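The values are calculated or read from the model by the stated rules, or taken from the named source; none is laboratory data. Note that this is a predicted model, so its numbers are computed, not measured. Reconstructed Cβ throughout: ideal geometry from the backbone, glycine too, with neighbour counts over all protein chains shown. Calculation scope for accessible area: heavy atoms of the full protein, side chains included, ligands and nucleic acids excluded. Shrake-Rupley method; radii C 1.70, N 1.55, O 1.52, S 1.80 Å.
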Amino acid sequence: NENNIEVKTFREGDLYVAELDITNANGKDVGFYFCNETNNPENVASLYLYVDDDDVLFPDENQQMLVVNGKQFQSVVIPCKPTHPSVDVKLYSGVGHDDSNLVR
């Protein structure tokens, strides 16, 4: 990844500020980012970063064929994390991507 990632820490009055600067961001940068206080790891802030990238629709290449185990009569979550909320996704069951396997 050709990203330039820079972490800046500075003081604004009484506040200490930390910034993560990502230049040339792309779909592989999608995901959660966390900032926590070194001496107090429970004090944490997080955000989920989306990047609108037509070349990378899913940040994790392993996500394209994922095995999820479930148990009878229990709920199962099937993760589908595109790089941007506007990416149109569909869920298919079985093998193949034709409309007969589309989960509705």
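Things to note:
- Given (1) over 22 Å from residue 87 (Cα atoms); (2) open to solvent by 80 Å² or more (accessible area, probe 1.4 Å); (3) of a type outside the set (Asp, Glu), index of the condition residue 24 fails: (1)
- Neighbours by Cβ (under 7 Å, 6+ apart or cross-chain): first from the range 54-75, closer than 18 Å to residue 92 by Cβ; second among the aliphatic types (A, V, I, L, M) and modelled with pLDDT of 70 or more: 57/87; 68/76; 68/78; 70/76
- In the range 39-51, the residues that are within 27 Å of residue 23 (Cα to Cα) reach residues that are assigned to a strand (DSSP E or B) and of a type in the set (S, T, N, Q) with C-beta atoms within less than 6 angstrom, at least six apart or across chains, in these pairs: 44/36.
- Pick from the range 1-27, criterion out of contact with any helix residue (DSSP H, G or I) (no Cβ under 9 Å at 6 or more places or on another chain) and not in a strand (DSSP E or B), ranking: nearest to residue 57 (Cα to Cα): 27
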